[in-house]
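Down below is the structure, laid out as structure tokens.
The values are calculated or read from the model by the stated rules, or taken from the named source; none is laboratory data. Remember, predicted model here, so these are calculated numbers, not experimental data. Backbone-built Cβ (ideal geometry, glycine too); neighbour counts: all protein chains shown.
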Amino acid sequence: MYLLGLSLDSQSGFDAAAELLRDSFLAKLIAWGFVSALLYHLVAGIKHLIMDLGYCEELESGTLAAKVTLIAGGVLVLLAGVWIW
């Protein structure tokens, strides 16, 4: 959150935040963690919206939807890792 505030403060703050993300392993790891959590939350939210519409409410289809959510979330997490690193 500190980096977000710093980057929105001014052009020099944005440059400092970008340099820190470019050079720091820990900063990249934390950013990847936040992005991963948000992406998984997005995929699970879409699954729940579909379930609210009345689909995938049975045991078999619900289990399949949960597996698809985990796989899609995992793929997005890997893609986010490639993008950040």
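Can you tell me how many residues in the range 8-29 are closer than 19 Å to Leu78 by Cα and loosely packed, with under 14 Cβ neighbours inside 10 Å?
Just the residues of the range 8-29 that are closer than 19 Å to Leu78 by Cα, to begin with: 21-22, 25-29.
Filter again for loosely packed, with under 14 Cβ neighbours inside 10 Å, leaving 22, 25-26, 29.
Residues that pass the stated criteria total 4.
If Cys56 satisfies every condition in (1) among the hydrophobic types (A, V, I, L, M, F, W, C); (2) outside any loop (DSSP other than H, G, I, E, B); (3) at pLDDT below 95 but one, which is the exception?
Against the list (1) among the hydrophobic types (A, V, I, L, M, F, W, C); (2) outside any loop (DSSP other than H, G, I, E, B); (3) at pLDDT below 95, Cys56 comes up short only on (2).
For the range 49-69, give me each residue that is within 30 Å of Met1 (Cβ to Cβ) and exposed (fewer than 13 other Cβ atoms within 10 Å of the Cβ). First the steps, then the outcome.
Let us first name the residues in the range 49-69 that are within 30 Å of Met1 (Cβ to Cβ), namely 49, 69.
Matches in the range 49-69: Leu49 only.
Out of curiosity, is Ile84 surrounded by 12 or more Cβ atoms within 10 Å (Cβ to Cβ), of a type in the set (Val, Ile, Thr) and within 29 Å of Leu4 (Cα to Cα)?
Working: surrounded by 12 or more Cβ atoms within 10 Å (Cβ to Cβ): yes; of a type in the set (Val, Ile, Thr): yes; within 29 Å of Leu4 (Cα to Cα): yes.
Judged against the criteria, Ile84 is a match.
Pull up the range 1-37, narrow it to residues that are small (Gly, Ala, Ser) and either touching a Cys at 6+ places or on another chain (Cβ under 6 Å) or not in a helix (DSSP H, G or I) (or both), then point me to the one that is nearest to Thr69 (Cα to Cα). Talk me through it step by step, then tell me what you get.
Of all residues in the range 1-37, those small (Gly, Ala, Ser) come to 5, 7, 10, 12-13, 16-18, 24, 27, 31, 33, 36-37.
After this cut, where a residue has to be either touching a Cys at 6+ places or on another chain (Cβ under 6 Å) or not in a helix (DSSP H, G or I) (or both) as well, the list is 10, 24.
Working: Ser10: 39, Ser24: 31 Å.
In this case the residue turns out to be Ser24.
Would you say Tyr40 is of a type in the set (Phe, Trp, Tyr) and either in a helix (DSSP H, G or I) or surrounded by 16 or more Cβ atoms within 10 Å (Cβ to Cβ) (or both)?
On the way: of a type in the set (Phe, Trp, Tyr): yes; either in a helix (DSSP H, G or I) or surrounded by 16 or more Cβ atoms within 10 Å (Cβ to Cβ) (or both): yes.
When the stated conditions are applied, Tyr40 passes them.
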